[in-house]
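First comes the structure, then the notes that go with it.
Taken together, the values in this text are just the output of simple stated rules run on the coordinates, not laboratory data. Keep in mind it's a predicted model, so treat the numbers as computed, not measured. Positions of Cβ are backbone-derived with ideal geometry, glycine not excepted, and every protein chain shown enters the neighbour counts.
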Amino acid sequence: MSEFQFIVSDHPLKEVENPYVEFLSINEAIQKGIVLPDILTDVEYLDRDEKILMNVESEEQLDEIEIKHSLYYAVENVEAYSSKPHVVELRWRYSDARAEQLVEYITDHLKTAEEVEIWKVWVDEQTEPKVQSIKLDELTIDALRFLGEVGFVRPECLRVTRFYERESSYRE
């Protein structure tokens, strides 16, 4: 089983790319002095100019926020908890600095949307979630800390609205 984090909304969500990831071709990597395994340099049928190699300066940079429309896990893992039509996968490793970036992302999204839900679920295991609702002006990195907690008890959702709404069932 795996943890899956996603964001849903009634309005389209923007993608966010990891700014530190660069894709290189075999030839570009060699020009930069990157030592490649023989399997890449000895295979004749590989296009040596195709950008197939992911490059970052440090391993830590792989953990930066990425928000993607393409989901790694099946959409059924989203539909079990939300019927909102727009979904993005949240890929990252929690840190306070990255959580602050997520606060900014949500704040920006709520300029055009009424509500957004941030989910942390266990893949292929649907159980009753813990759902908390807050107003946008209550959103802090502390409210997002559940996304970085190690271990899994049950699915969790933080519903953030521009205006206060009473808590309701998780499958509206």
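Annotation note: of 162, 154, 91, the sole residue that is touching a Phe, Trp or Tyr at 6+ places or on another chain (Cβ under 9 Å), of a type outside the set (Val, Ile, Thr) and surrounded by fewer than 17 Cβ atoms within 10 Å (Cβ to Cβ) is 154. The residue of the stretch 63-101 that is nearest to residue 151 (Cα to Cα), among those that are of a type in the set (A, V, I, L, M) and in contact with a helix residue (DSSP H, G or I) (Cβ under 6 Å, 6 or more places away or on another chain), is 99. Residue count for the stretch 37-57 under the criterion of being exposed (fewer than 13 other Cβ atoms within 10 Å of the Cβ) and either under 18 Å from residue 21 (Cα atoms) or of a type in the set (D, E, K, R) (or both): the result is 8.
Might you let me know whether the stretch 99-107 holds any residue that is touching a Leu at 6+ places or on another chain (Cβ under 8 Å) and under 16 Å from residue 8 (Cβ atoms)? Looking for residues that are touching a Leu at 6+ places or on another chain (Cβ under 8 Å) and under 16 Å from residue 8 (Cβ atoms), one finds at least one in the stretch 99-107, hence yes. Filtering the stretch 115-135 down to residues that are under 18 Å from the mean Cα position of the chain (by Cα) and buried (at least 17 other Cβ atoms within 10 Å of the Cβ), which residue is farthest from residue 104 (Cα to Cα)? For the stretch 115-135, the residue satisfying everything is 121.
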